[in-house]
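The values are calculated or read from the model by the stated rules, or taken from the named source; none is laboratory data. Just so it is clear, the model here is predicted, and its values are computed rather than measured. Virtual Cβ from ideal backbone geometry, glycine too; neighbours counted across all protein chains shown. Calculation scope for accessible area: heavy atoms of the full protein, side chains included, ligands and nucleic acids excluded. Shrake-Rupley method; radii C 1.70, N 1.55, O 1.52, S 1.80 Å.
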Amino acid sequence: MHALSTPTSETPPDWLRQTAGVVPLQGEAAQRRRGGATSLLVVGAGAIGRTHIDRIGRSPQLALAGIADPSEAGHALALSLGVPWSASHRELLERVMPQGAIVATPNATHVPVAMDCLARGVAALVEKPVAGTVAEAQELVDAQAHSGVPVLVGHHRRHNPINRRAREIVASGRLGRLVTANVMATFYKPEPYFEAAWRRQPGGGPVLINLIHEIDQLRFICGEITQVQAISSNAVRGFAVEDTAAVLLRFENGALGTLVLSDTATAPWSWDFCAGEQDQYPRQAVQSHFIAGTHGSLSLPDLSLWHYRGERSWHAEITREQTVALKADPYTAQLQHFAAVIRGEETPLCSALDGLRTLQATLAVLEAATAGAPVSCTVSAT
């Protein structure tokens with residue numbers, strides 16, 4: 001979820017109308033477009049939208065086609081970069097005719113904006129969560145299948161070489177049959193974070209904002225989730241939304257998983273702290289994910305592989321083998337993959353259906369915590 005505001009109609013405010021459409025494609029952005037770079041429109045110039053804009057600017061193979069955002073800050077950013085701007089994403093889609101669009105708007109608008117992209121034959125990279133509800137996500141899945149226009153969902157951790165290597169190790173059978181997956185996601189959000197009212201309300205808590213990353217990461221490495229049990233608490237902050245949750249998962253392959261989440265814990269055990277994906281978080285030399293099978297186990301993000309060289313027994317010495325993966329920025333890798341999908345060279349690593357399945361498992365956490373009973377989360381591959 002992002003704090004970006006959206007217009008209530010297609011007509012922008014007067015001060016925006018006066019300047020809409022006057023920003024030409026200039027300088028390096030124009031040269032890239034002429035040079036064959038993949039042109040990407042960014043819809044929504046909030047925090048994640050600006051992250052994408054930054055990565056596009058660093059990549060010679062990508063060109064920023066424009067910024068669609070109703071805020072004064074979004075317009076000022078477009079002016080500073082010398083790219084087209086509009087308060088209306090529809091107007092800009094038709095004016096600049098990008099090859100792809102990044103949908104980084106508030107959650108409730110993800111599907112409508114993506115639908116507008118599909119209607120114009122423009123591939124879409126939709127930020128997580130793909131939609132506000134499973135039903136809305138299914139609408140997008142169906143529309144994508146009907147149109148044939150690619151839709152990707154922005155679960156960027158899939159593009160981290162660490163997770164891609166972990167997936168390869170699990171798929172190779174080196175761990176044997178998977179039995180457990182355990183995740184820690186504990187960190188402390190400072191009080192100013194909650195000055196935005198939506199962060200104190202249902203939908204703005206750490207399950208949908210943070211835990212959704214862990215669930216998609218586990219789906220990517222360990223396989224489909226079929227059942228969820230959970231409990232949650234708001235005892236520390238007392239907001240209308242959870243601050244802590246404990247989750248049990250059942251995977252399709254029979255493995256069981258546990259996730260512990262809290263955004264009010266003074267603790268270092270979190271992927272954001274130990275994976276080094278974003279400089280805004282201080283790096284910690286700890287692990288946050290632990291995956292075990294009948295013949296071996298794996299910790300992340302250090303990719304330590306534990307196994308027996310001979311007899312498998314708790315009395316025998318266990319060996320630690322260090323696996324490595326090249327470091328790469330997952331946001332840049334995701335955009336490069338998006339461009340390759342647009343060119344028809346690759347298939348989506350995280351499709352609209354993947355986004356739906358991750359969303360369903362995440363919403364099941366909230367449903368199970370409320371109901372006090374297990375929740376099934378299977379989706380047919382239609």
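Considering the range 170-182 alone, what residues qualify as being touching a Gly at 6+ places or on another chain (Cβ under 9 Å) and part of a helix (DSSP H, G or I)?
Pass one, the range 170-182, residues touching a Gly at 6+ places or on another chain (Cβ under 9 Å): 170, 173-182.
Within the range 170-182, just V170 meets the criteria.
I need the full set of residues from the range 337-365 which are out of contact with any helix residue (DSSP H, G or I) (no Cβ under 6 Å at 6 or more places or on another chain), part of a helix (DSSP H, G or I) and buried (at least 18 other Cβ atoms within 10 Å of the Cβ), in order please. Give the derivation first.
Let us first name the residues in the range 337-365 that are out of contact with any helix residue (DSSP H, G or I) (no Cβ under 6 Å at 6 or more places or on another chain), namely 337-345, 347, 351, 354-355, 357, 363-364.
Filter again for part of a helix (DSSP H, G or I), leaving 337-342, 354-355, 357, 363-364.
Selection gives H337, F338, A339, V341, I342, D354, G355, R357, L363, A364.
Test I209 against the criterion of being at pLDDT below 95, under 19 Å from P330 (Cβ atoms) and in a helix (DSSP H, G or I), and give yes or no. Give the derivation first.
Working: at pLDDT below 95: yes; under 19 Å from P330 (Cβ atoms): yes; in a helix (DSSP H, G or I): yes.
Here the answer is yes, as I209 does meet what is asked.
For the range 247-328, please list each of the strands (runs of 3 or more DSSP E) lying entirely inside it that holds at least 3 residues being within 22 Å of D216 (Cα to Cα) and of a type outside the set (S, T, N, Q). Walk me through how you get there before you give the answer.
On the way: elements: 256-262, 289-293, 297-300, 304-307, 319-322.
It comes to 256-262, 289-293.
Any residue at all in the range 161-177 that is under 19 Å from C377 (Cβ atoms) and out of contact with any Ser or Thr (no Cβ under 6 Å at 6 or more places or on another chain)?
Keep residues of the range 161-177 that are under 19 Å from C377 (Cβ atoms), which gives none.
Scanning the range 161-177 turns up no residue that is under 19 Å from C377 (Cβ atoms) and out of contact with any Ser or Thr (no Cβ under 6 Å at 6 or more places or on another chain).
Conditions (1) of a type outside the set (D, E); (2) more than 16 Å from Q287 (Cβ to Cβ); (3) open to solvent by 20 Å² or more (accessible area, probe 1.4 Å); (4) not in a helix (DSSP H, G or I), marked per residue:
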| site | (1), (2), (3), (4) |
| --- | --- |
| M184 | yes, no, yes, yes |
| F194 | yes, yes, no, no |
| P202 | yes, yes, yes, yes |
| A230 | yes, yes, no, yes |
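From the set of residues in the range 170-182 that are small (G, A, S) and open to solvent by 20 Å² or more (accessible area, probe 1.4 Å), which is nearest to L211 (Cα to Cα)? Steps first, answer last, please.
To start, the set of residues in the range 170-182 that are small (G, A, S) comprises 171-173, 176, 181.
If we keep only those that are open to solvent by 20 Å² or more (accessible area, probe 1.4 Å) too, we end up with 171-173, 176.
Numbers: A171: 24, S172: 27, G173: 27, G176: 27 Å.
Here the answer is A171.
If you take the residues in the range 302-336 that are out of contact with any Pro (no Cβ under 8 Å at 6 or more places or on another chain) and open to solvent by 100 Å² or more (accessible area, probe 1.4 Å), which one is modelled with the lowest pLDDT?
It comes out as V324.
Does any residue of the range 146-169 turn out to be closer than 24 Å to L335 by Cα, touching a Cys at 6+ places or on another chain (Cβ under 7 Å) and either open to solvent by 10 Å² or more (accessible area, probe 1.4 Å) or part of a helix (DSSP H, G or I) (or both)?
Yes: one or more hits.
Can you spot a residue in the range 238-252 that is at negative phi, free of Cβ contacts under 8 Å to residues at least 12 places away in the same chain and over 20 Å from the mean Cα position of the chain (by Cα)?
No, because not a single residue in the range 238-252 is at negative phi, free of Cβ contacts under 8 Å to residues at least 12 places away in the same chain and over 20 Å from the mean Cα position of the chain (by Cα).
Would it be correct to say that R200 is more than 30 Å from Y308 (Cα to Cα), out of contact with any strand residue (DSSP E or B) (no Cβ under 6 Å at 6 or more places or on another chain) and basic (K, R)?
On the way: more than 30 Å from Y308 (Cα to Cα): yes; out of contact with any strand residue (DSSP E or B) (no Cβ under 6 Å at 6 or more places or on another chain): yes; basic (K, R): yes.
Yes: the conditions hold for R200.
With the checklist (1) in contact with a Pro (Cβ under 7 Å, 6 or more places away or on another chain); (2) within 20 Å of V42 (Cβ to Cβ) in hand, flag the one item R157 doesn't pass.
Condition (2) is where R157 drops out.
Take the range 367-379 and flag every residue that is open to solvent by 50 Å² or more (accessible area, probe 1.4 Å) and at pLDDT 95 or above. Full working, then the answer.
Step one: of the range 367-379, the residues open to solvent by 50 Å² or more (accessible area, probe 1.4 Å) are 367, 370-372, 374, 376, 378.
Selection gives E367, T370, A371, G372, P374, S376.
Under 8 Å between Cβ atoms, which residue pairs at least 6 apart in sequence (or on different chains) link something in the range 255-282 that is closer than 25 Å to H295 by Cα with a partner that is of a type in the set (S, T, N, Q) and open to solvent by 40 Å² or more (accessible area, probe 1.4 Å)?
Listed pairs, sorted by first residue: A255/T180; L256/T180; G257/T180; G257/N182; T258/T180; T258/N182; L259/N182.
Step by step: first the residues of the range 70-107, then only those that are surrounded by fewer than 24 Cβ atoms within 10 Å (Cβ to Cβ) and among the polar types (S, T, N, Q), then the one that is nearest to V153 (Cα to Cα). Which residue is that?
N107
Considering the range 110-133 alone, what residues qualify as being surrounded by fewer than 19 Cβ atoms within 10 Å (Cβ to Cβ) and either in contact (Cβ under 8 Å) with a residue 40 or more places away in the chain or under 17 Å from the mean Cα position of the chain (by Cα) (or both)?
T133
If I filter the range 248-256 for residues that are more than 26 Å from L366 (Cα to Cα), among the charged types (D, E, K, R), at pLDDT 95 or above and open to solvent by 30 Å² or more (accessible area, probe 1.4 Å), do I get at least one hit?
Here is the first cut: in the range 248-256, the residues more than 26 Å from L366 (Cα to Cα) are none.
No, because not a single residue in the range 248-256 is more than 26 Å from L366 (Cα to Cα), among the charged types (D, E, K, R), at pLDDT 95 or above and open to solvent by 30 Å² or more (accessible area, probe 1.4 Å).
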